[in-house]
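The values are calculated or read from the model by the stated rules, or taken from the named source; none is laboratory data. Here the structure is a predicted model, which is why all the values come from computation and not from measurement. All Cβ positions, even for glycine, are placed from backbone atoms using ideal geometry, and neighbour counts span all protein chains on display.
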Amino acid sequence: MTIQWFPGHMTRARRQIQEKLKLIDVVIELLDARLPLSSRNPMIDEILQGKPRLIVLNKADLADPAVTRQWIAFFKQEGHTAVEADASSGRGIKEIPQLAKELLKDKIEKQLAKGINPRAVRALIVGIPNVGKSTLINRLAGKSIAATGDRPGVTKGQQWIKVGTEMELLDTPGILWPKFEDQNVGYRLAVTGAIREEILNAEDIAFFAVKYLARYYWEPFKDRFELEQPPGDFEDPDEIVAIMEAVGRKRGCLQSGGRVDLEKASKILLRELRAGKMGRYSLEEPNV
Ligand code: G4P
């Protein structure tokens with residue numbers, strides 16, 4: 001579900017997460033492995049107020065594995081523990097409770113030294129809409145209990161979900177907003193379908209995608225649409241549009257007079273890209 005975020009929504013979302021922080025020991029920050037920074041909340045450090053945090057790069061099944069490894073190294077350099085996962089298949093999920101517990105190692109050791117038996121680690125999942133929060137909660141819970149309620153301001157009775165004996169999870173995730181001010185962030189999110197085409201125009205999103213794919217994933221892109229030549233100049237809009245037209249011709253998107261219906265071609269291209277038909281791709285790389 002796509003949310004229109006307004007300053008009031010953001011304030012409320014932030015307040016709701018900060019209320020929940022009082023109840024928990026550790027935050028699981030869910031990012032999209034294909035675009036970890038663009039799917040990250042711009043105020044996350046401020047919002048979490050130093051709460052221990054495990055970063056989970058979700059949808060890693062769709063991302064370029066080599067780039068995901070770079071991102072994990074990047075977040076480690078930032079001082080965080082980061083892991084990759086696919087909430088939908090369950091890969092990488094069972095390690096999460098143990099990793100969360102390790103973040104609290106010092107606290108747990110102190111408790112043990114005092115003869116206190118530590119309770120299960122209490123966790124909260126946070127992330128922007130569509131990043132996979134509900135899917136992850138359901139996976140960790142082992143059954144479908146988390147309702148997808150992506151409306152800011154909706155409060156429900158909260159419950160703890162038991163994840164084995166090691167962890168308890170709040171059943172409602174914290175919903176955060178992405179960094180809207182940066183236009184490229186909006187485009188990256190839109191390419192993955194996290195922002196709908198009603199908000200950004202399909203042709204503009206496809207233009208952005210083609211420019212990126214032509215530069216970084218030419219081989220699978222070329223093979224999918226039987227394209228001939230990569231652009232000579234990636235910054236030349238005419239060359240990018242020519243590729244979009246070639247895609248349209250390949251998919252039979254022709255108007256009367258033989259002109260390519262660019263909007264239709266753009267929608268098809270985005271649909272195929274999102275469905276993984278062009279293979280795995282990442283939309284940003286860390287500068288490490
Ligand atoms: P949210 O609570 O953060 O808003 O996200 P949600 O769990 O609803 O997941 C958003 C979409 O992302 C869902 O697809 C979900 O299946 C998909 N998804 C979640 N985790 C993964 C993952 O690790 N890999 C892949 N490939 N997809 C993932 P949808 O199209 O909205 O619904 P559906 O296709 O499941 O019906």
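Observations on the model:
- Only one of the numbered conditions (1) within 16 Å of the ligand (Cβ to nearest atom); (2) in a helix (DSSP H, G or I) is violated by Q98, and that is (1).
- Criterion (touching a residue at least 24 places away in the same chain (Cβ under 8 Å), away from the ligand (no atom under 16 Å from the Cβ), closer than 30 Å to L48 by Cβ and surrounded by 14 or more Cβ atoms within 10 Å (Cβ to Cβ)) met by exactly one of E263, E203, E285: E285
- Each residue in region 163-200 was checked for being crowded, with 18+ Cβ neighbours inside 10 Å and small (G, A, S), and 4 pass.
- Taking the listed residues R224, R215, R249, the one that is touching a residue at least 40 places away in the same chain (Cβ under 8 Å) and either loosely packed, with under 15 Cβ neighbours inside 10 Å or outside any loop (DSSP other than H, G, I, E, B) (or both) is R224, with no other qualifying.
- Residues of region 231-242 that turn out to be touching a residue at least 12 places away in the same chain (Cβ under 8 Å) and loosely packed, with under 15 Cβ neighbours inside 10 Å, as a count: 2
- Residue match in region 106-113 (condition: closer than 26 Å to R14 by Cβ, assigned by the TED database to the domain that holds G164 and modelled with pLDDT of 95 or more): no
- Only residues that are assigned to a helix (DSSP H, G or I), of a type outside the set (S, T, N, Q) and over 18 Å from R271 (Cβ atoms) were counted across region 178-210, and they come to 2.
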